[in-house]
Amino acid sequence: MNCHCGEKNNCLDSVPIFNSLDAREKEEIFRLIRHRHYKKGERIYEAGGIRTGLFVVNSGKIKIYRLTETGKEQVLRIMGPGEFLGEIALLRNVPARDYAEALEETAVCIISGEELRKHIRKSPDIAFKIMEELSQRLDFTESMLESINHYSVDRRLAQALLSMADRFGVVELPTTKANFASQIGMSQETLSRRLSMFESKKYIHQIGQRKIIITNKKALQAIK
């Protein structure tokens, strides 16, 4: 499905990697964009498939996950408007190692990897911005792996809450508690119990299903 011009412009304007482009360069990339809508639960791509372009989230949310040998989901990250995935397609055509699934009605702009590579040669700033984003993702992934492998359940949860609070000012889960639990390496039942325990100790205050106010930051920081 072709997208409206406004939607294409939103894709370019919402992604930091394109900030350095002038109007002419943006217009060139604008012509490359294909627009697609995905229903809740629909896969954008799956492990083993070849991704041939850069996917930019225009609206909605996408879950990136892998399956363990036992078939259990391990959520890697949740992506929202302005974020991109499929960047490996800009470097080489290799099979995807993970799955991408729409968590709600989602609109995505797709930019051909082959064509975008040509623009990167003319505008290296795009490559540097992509490298910066990938570096941040790698740091986050390494931090999560270290947390899962070495820290207690309570400390993993405390660190995840503190990290989100530092970035966004308030903790608002971008998706369901089941996905959040998978991302920090615990079951949904364990997450619910630990959140209730934190609340009973007045470390946090839960508002609805997704919003969490941290009321005792020092106590969370002290959890071992």
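Return the aspartates and glutamates within reach of LYS224: Cα separation strictly under 12 angstrom, same-chain partners fewer than 8 residues apart disregarded; answer none if there are no such residues. In chain and number order, the partners are ASP154.
The LEU134 and SER112 beta-carbon pair, evaluated with R₀ = 30 Å, returns a calculated FRET efficiency of approximately 0.95.
Full extension of the chain segment joining ASN93 with LYS202 gains 34.2 nm, where the gain is 0.36 nm per residue of separation less the Cα-Cα distance.
Give me the net charge of GLY53's neighbourhood, meaning all other residues with Cβ under 12 Å from the Cβ of GLY53; Lys, Arg count +1, Asp, Glu -1. Charge balance near GLY53 sits at +1. Going by the alpha-carbon gyration tensor, a ≥ b ≥ c the square roots of its eigenvalues, is the stretch 151-222 rounded (a/c under 1.5) or, if a/c is not under 1.5, prolate (a/b greater than b/c) versus oblate? It is rounded, given that a/c, with a ≥ b ≥ c, falls under 1.5. Fewest-first ordering of GLU101, GLU27, GLU69, GLU199 by other beta carbons within 10 Å of each residue's beta carbon gives GLU69, GLU27, GLU199, GLU101. Straight-distance candidates among the lysines for linking to LYS61, with alpha-carbon spacing under 24 Å and chain neighbours fewer than 8 residues away dropped: LYS8, LYS39, LYS40, LYS72, LYS129, LYS177, LYS211. Hey, could you get me the Stokes-Einstein D for the chain, Kirkwood radius over alpha-carbon pairs, 4 °C and 1.567 mPa s, rounded to whole µm² s⁻¹? In µm²/s, the coefficient is 68. You can think of it this way: the chain between ILE120 and GLU69 has 14.6 nm of extra reach, that is 0.36 nm per residue less the Cα-Cα gap. Panel order for THR175, THR215, by other beta carbons found within 10 Å of each beta carbon, from fewest to most: THR215, THR175. Whole-Hz Karplus values for the stretch 189-201 come out as 5, 5, 4, 4, 5, 5, 5, 5, 5, 4, 5, 5, 8 Hz, taken residue by residue from phi with 6.51 cos²θ - 1.76 cosθ + 1.60 and θ = phi - 60°; glycine and proline positions read x.
Coordinate-derived values only; no laboratory data. Remember, it's a predicted structure, so these values are computed and weren't measured experimentally. Cβ atoms come from the backbone with ideal geometry, glycine included; neighbour counts cover every protein chain shown.
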